[in-house]
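Accompanying notes for the structure given below.
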Amino acid sequence: MVTSIALTALATAASVVPLVLTGPAGRAPAPLEWGAGPLTVAALPRITYVAHRGGAREVPENSMTGLMAAYQRGTAQVLDFDTRLLRDGTPVVFHDETLNRTTYLGGEVRALDAEEWRGVRLRPKDRLPGSWRSERPPTVAEVLDRFGGRIVLMLEAKDPRALDRLAALIRARGLTRSVFVNSNDPEVARRAHRLGLLAQVWRSAEQLRTDRPERWRSYVDLLDVDHRARDADLLRAVRSGIPRVWAHTVVTDAQRDRVLALGCDGVITDAPGRLARAAQRGARP
């Protein structure tokens with residue numbers, strides 16, 4: 001059961017208001033360009049930056065406005081977001097099992113249907129830079145329609161039951177080479193691969209101590225490793241034969257420089273804007 005923990009007027013008055021970010025002379029910074037067809041993973045640079053949940057230290061996590069801000073700033077080549085499944089089978093963009101931490105409501109996400117989801121409003125953190133209005137969390141279909149083919153996407157299937165539905169949404173839009181589907185479970189990655197998707201596996205520092213990722217190289221396109229893992233474990237991941245090895249969740253220059261020095265070719269970060277500014281000042285790109 002979903003219970004309100006804020007005044008009803010506060011939730012209903014807050015509507016989805018996009019934040020328009022502009023660069024010099026009022027122009028938005030140019031994102032990564034694409035050609036006649038959808039942008040695919042083949043267009044990614046040698047070292048890739050990923051805006052984790054849109055850049056959760058800089059924007060409201062897993063929000064359409066936050067994802068749009070990260071896209072317009074052009075400081076990341078991949079947008080990451082989490083997915084959950086509603087009661088009626090609708091995949092939505094959300095991290096937690098419950099609404100409590102990031103919205104004005106309480107209760108389980110899976111208790112809602114699509115109609116009830118339209119009444120949910122995100123609660124931006126006070127410590128975020130800038131000014132952000134509350135908005136409804138998007139559905140996965142809305143994010144794919146807004147960004148699909150314009151920038152590479154990374155979505156985590158928090159509920160493996162949603163995998164078939166996610167695959168259908170991705171295939172229907174011609175985005176099978178543009179969207180990584182992420183899970184902590186290698187068996188879910190195997191299923192994603194069989195569905196014709198780009199399969200990603202994330203692993204914690206503790207899991208990497210005993211993992212043998214070379215066993216997954218026939219079906220995993222991207223290995224997502226904890227930057228806190230031991231050097232030996234990161235090196236084993238880099239040498240596994242999996243095409244891409246990216247490190248999460250990086251927030252400092254030192255963390256970034258370490259994982260890149262060990263051979264990782266991507267950085268998943270909550271602060272893509274800050275790391276990009278540091279790189280422009282002469283830090284390792």
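The values are calculated or read from the model by the stated rules, or taken from the named source; none is laboratory data. Here the structure is a predicted model, which means the values were calculated and not measured. FYI the Cβ positions are ideal-geometry reconstructions off the backbone, even for glycines, and counts take in every protein chain you see. For accessibility, only protein heavy atoms count, side chains too; no ligands or nucleic acids. Shrake-Rupley method; radii C 1.70, N 1.55, O 1.52, S 1.80 Å.
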request  = Quantify how much of the Cα-Cα distance distribution of the stretch 138-285 extends past 26 Å, in percent.
outcome  = 28 percent
inquiry  = If R₀ is 51 angstrom, what is the calculated FRET efficiency for the pair Ala261 and Ala168, using the beta carbon separation as r and rounding to 0.05?
reply    = 0.80
key: Spin-label model distance (nm) - Asp96 vs Thr176, 7 Å beyond Cα toward Cβ   = 3.7 nm
query = How large is ³J(HN,Hα), in whole Hz, for each residue of the stretch 47-59 in order, when computed from phi with the Karplus curve 6.51 cos²θ - 1.76 cosθ + 1.60 and θ = phi - 60°, using x for Gly and Pro?
reply = 10, 10, 10, 10, 7, 5, 6, x, x, 5, 8, 10, 9
J(HN,Hα) series, the stretch 67-74, from Karplus relation 6.51 cos²θ - 1.76 cosθ + 1.60, nearest Hz, glycine and proline x = 5, 5, 4, 4, 5, 5, 5, x
message = Accessible area per residue for the stretch 52-133 in Å², computed with a 1.4 Å probe and the full protein assembly in place, what is it?
response = 40 Å²
task = Return one whole number: the accessible area per residue of the stretch 212-285 in Å², for a 1.4 Å probe.
result = 44 Å²
request  = Give a residue-ordered list of calculated ³J(HN,Hα) values for the stretch 212-229 (Karplus: 6.51 cos²θ - 1.76 cosθ + 1.60, θ = phi - 60°; whole Hz; x for Gly, Pro).
outcome  = 10, x, 4, 6, 9, 5, 6, 9, 9, 8, 8, 9, 10, 10, 6, 5, 7, 5
